[in-house]
Amino acid sequence: MFKKINNFFMSIDTITTKLLFLVLCCVTIPLVVVGSFSTNIINQSIIENPQVMIESEAHKAAPDINTTVSAVNDNVKAISIIAVISLVVAITIAALFARKITDPILALAEAAESINLGDLNYRVKIQGSDETAKLANSFNKMVINLEREERLRNNFVATLTHDLKVPMLAENQTVSLLLKESYGPLTHEQREVLELIRSTNTSSLEMIGTLLEVYRYDAGNVALFETEFDFVELMAESINQIKSLGTDKKIELNINADQENIPIKADKRDLKRVLHNLVSNAIYHGIYRGFVNCSVQVINDNIIYTPSTKTECYTTLEKPLEISKSILVTIEDNGVGIAREDVPHLFKRFALSKGRKPSGSGLGLYYAQQVITMHKGFIWAESSEKGETTFKFTLPRNI
C-alpha cells in the first residue's frame, strides 16, 4: 500500500502539488479517522447501554446523570486518543513524504559543494519528473560542459606552453652565447640589454614551467622523485638564483636555520620551484629597503601551532595545526600585505590579490599548495593590516 502511495507521490510533477498533497494528508486523515471512530464509539455506547434508557422510560424518570456523564467522558477520552494517534500517524506519513522533497535538494547542495571543490566527476541521481529532477538533469549537463571545457583548456595550456618553451630556451641559449662574447666583443650597453632579455626570458620560462606543473598535478600525472638532500643548502641555492630580483628595491634577503644541516627526503626540483615562487612573490610585493626573512626550523616533538589572534591579523589557517617530526619553513616580508577579503581565495587557481599588485598568473601559490600537499605537508599564509605577510609550510622529514 505504502509503495503504491510512494509511486503516486513520485509521479506528481510539481513540488507545489506535492506540498498540497502533504497538507491534505495532515488535515484529512485526522478528520476522517476521528469522524469514523467517533460515530462507531457513540453507536457502540448506545447499544451497550439500552437497559438504562428502557428503565428510565418505564419509570418515566430521567436517566442517571452520573451514568450519562461517565459515558460521555469515556467517549470523549476515546475520541481524543484516536484524534491524537491519527494526527501523529498523519504527521509521520507527511514527514516521510517530505523527505522525498528535501532529499533531492540536499543532494543538489552536496553536488554543488563537490563541484566547488573541483570534483567535476560528481553527478546527481534524482528520480521523478518534478522541478528538482529537471534541475538535477540540467545540473549534470552543466557539469559535463564544465568538464569538457576544463579538458579543452588544459590541453590548450599544455600545447601552448610547450610550443612557447622550446623557442624561448633556444633564445636564452643564444643570449648566453652572446654574453660569453662567442660572436665578438660587447659594449657595456649591449651587455645590459642582453642581461635584461635573459632575465625576462628566465621569468617567462619560470611561468611556463609553473603552468606545465599545474597541468601535471591537475591531470593526476604526478610521481614524486624523492631524494635525500640538505634543505638549508637548497634554500640558499634558490635564494642566490633569484636575489637579483630585489636589487632595484635594495631588499635585504636573510636565511636563518636552527641547524647547519637539515637533511630531508623529498622531491628537490618541485620544492625548489616552490621556494622560488614564495621568495619571488615576497620580493615583488616588497617595499624599498625592505626585507625578506627565510627560515627553517626542525620540529621533532609534537607541538600545536596557533596563529596570532590579534584583530589586525588574519590567516588562511582555519584551526590550530599539530606539527611533529617535520620542518617548518617560513618566508616573511614587510611588503604591502594581503587584503583580508582575498585570504579565503589565496591558494586557488588564477587568484590575484587586491592588496598586492598582480605580478604573475595567479598560479604560483596554487602550485605551491599542490606540491606541499603531495608531500603530506601543510601550507598557509598570515598577514596583517600593517602590511607584513608570512607564508609557512611544513614538510615531514621522512628519514
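Residue-wise test of (1) within 23 Å of VAL371 (Cα to Cα); (2) modelled with pLDDT of 90 or more; (3) outside any helix (DSSP H, G or I).
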{"residue": "THR174", "(1), (2), (3)": "no, no, no"}
{"residue": "GLY184", "(1), (2), (3)": "no, no, yes"}
{"residue": "ARG191", "(1), (2), (3)": "no, no, no"}
{"residue": "ALA223", "(1), (2), (3)": "yes, no, yes"}
{"residue": "PHE229", "(1), (2), (3)": "yes, yes, yes"}
{"residue": "GLU237", "(1), (2), (3)": "yes, yes, no"}
{"residue": "ARG269", "(1), (2), (3)": "yes, no, no"}
>> For a quick check of your reading of the model, give me the residue pairs whose first member lies in segment 363-379 and is hydroxyl-bearing (Ser, Thr, Tyr), whose second is in a loop (DSSP other than H, G, I, E, B), with beta-carbon atoms closer than 6 Å and at least 6 apart or on different chains.
In response: TYR366/PHE347; TYR366/ARG349
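Looking only at segment 357-378, decide whether some residue is in a strand (DSSP E or B), modelled with pLDDT of 90 or more and surrounded by 15 or more Cβ atoms within 10 Å (Cβ to Cβ). If you could, list the steps in order and put the result at the bottom.
The first filter runs over segment 357-378 and keeps only residues in a strand (DSSP E or B), leaving 378.
In the following step, the residues that additionally are modelled with pLDDT of 90 or more were identified as 378.
Subsequent filtering for residues that are surrounded by 15 or more Cβ atoms within 10 Å (Cβ to Cβ) retains 378.
Yes, segment 357-378 contains a residue that is in a strand (DSSP E or B), modelled with pLDDT of 90 or more and surrounded by 15 or more Cβ atoms within 10 Å (Cβ to Cβ).
Please tell me if LEU160 is of a type in the set (A, V, I, L, M) and part of a helix (DSSP H, G or I).
Details: of a type in the set (A, V, I, L, M): yes; part of a helix (DSSP H, G or I): yes.
Here the answer is yes, as LEU160 does meet what is asked.
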> Say we look at segment 286-303 and pick out the residues that are touching a Gly at 6+ places or on another chain (Cβ under 9 Å) and surrounded by 21 or more Cβ atoms within 10 Å (Cβ to Cβ); which of these is farthest from GLU332 (Cα to Cα)?
Replying inline: GLY286
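Could you please find all residues in segment 224-249 being closer than 14 Å to GLU260 by Cα and not aliphatic (A, V, I, L, M)? Walk me through it before giving the result.
Looking only at segment 224-249, we keep the residues that are closer than 14 Å to GLU260 by Cα, and these are 229-236.
Hits for segment 224-249 are PHE229, ASP230, PHE231, GLU233.
Taking segment 302-354 as the search range and keeping residues that are in contact with a Pro (Cβ under 8 Å, 6 or more places away or on another chain) and either part of a loop (DSSP other than H, G, I, E, B) or among the hydroxyl-bearing types (Ser, Thr, Tyr) (or both), which one is farthest from GLN259 (Cα to Cα)? Break it down into steps so the answer makes sense when it comes.
Applying the first criterion (in contact with a Pro (Cβ under 8 Å, 6 or more places away or on another chain)) to segment 302-354 yields 304-306, 313, 315-317, 325-326, 352.
Among the residues that remain, those that are also either part of a loop (DSSP other than H, G, I, E, B) or among the hydroxyl-bearing types (Ser, Thr, Tyr) (or both) are: 305-306, 315-317, 325-326, 352.
Working: TYR305: 20, THR306: 23, THR315: 28, THR316: 28, LEU317: 27, LYS325: 15, SER326: 13, LEU352: 35 Å.
Out of the qualifying residues, it is LEU352.
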>> Can you pull out every residue in segment 294-335 that is without any contact (Cβ under 8 Å) to a residue 60 or more places away in the chain, β-branched (Val, Ile, Thr) and either out of contact with any strand residue (DSSP E or B) (no Cβ under 6 Å at 6 or more places or on another chain) or closer than 20 Å to ALA282 by Cα (or both)?
In response: THR306, THR309, THR311
>> Among the residues of segment 307-328, what is the count of those that are surrounded by 16 or more Cβ atoms within 10 Å (Cβ to Cβ) and under 11 Å from PHE378 (Cβ atoms)?
In response: 6
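Every residue in segment 193-220 that is under 30 Å from ASN121 (Cβ atoms), in a helix (DSSP H, G or I) and without any contact (Cβ under 8 Å) to a residue 40 or more places away in the chain, please. Can you show your working first?
So in segment 193-220, the residues under 30 Å from ASN121 (Cβ atoms) come out as 207-220.
The next check asks that each one be in a helix (DSSP H, G or I); those that pass are 207-218.
Scanning segment 193-220 gives a single hit, ARG216.
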>> Can you tell me which residue is modelled with the highest pLDDT among those in segment 114-143 that are within 25 Å of GLN370 (Cβ to Cβ) and assigned to a helix (DSSP H, G or I)?
In response: VAL143
> Which one is surrounded by the fewest Cβ atoms within 10 Å (Cβ to Cβ) among residues in segment 162-179 that are more than 43 Å from the chain's Cα centre (by Cα) and farther than 22 Å from ILE242 by Cβ?
Replying inline: LEU177
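Does segment 221-244 include one or more residues that are over 30 Å from PRO396 (Cα atoms) and either touching a residue at least 24 places away in the same chain (Cβ under 8 Å) or not assigned by TED's automatic domain parsing to the domain that holds ASN334 (or both)?
Of segment 221-244, the ones over 30 Å from PRO396 (Cα atoms) are 244.
After this cut, where a residue has to be either touching a residue at least 24 places away in the same chain (Cβ under 8 Å) or not assigned by TED's automatic domain parsing to the domain that holds ASN334 (or both) as well, the list is 244.
Checked segment 221-244: at least one residue is over 30 Å from PRO396 (Cα atoms) and either touching a residue at least 24 places away in the same chain (Cβ under 8 Å) or not assigned by TED's automatic domain parsing to the domain that holds ASN334 (or both).
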> Within segment 256-297, which residues are β-branched (Val, Ile, Thr) and under 19 Å from SER238 (Cβ atoms)?
Replying inline: ILE262, ILE264, VAL274, VAL279, ILE283, VAL292, VAL296
> Residues of segment 389-399 being part of a loop (DSSP other than H, G, I, E, B) and surrounded by 16 or more Cβ atoms within 10 Å (Cβ to Cβ), which ones?
Replying inline: ARG397
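The values are calculated or read from the model by the stated rules, or taken from the named source; none is laboratory data. Here the structure is a predicted model, which is why all the values come from computation and not from measurement. Note: ideal-geometry Cβ built from the backbone for every residue, glycine included; neighbour counts use all protein chains shown.
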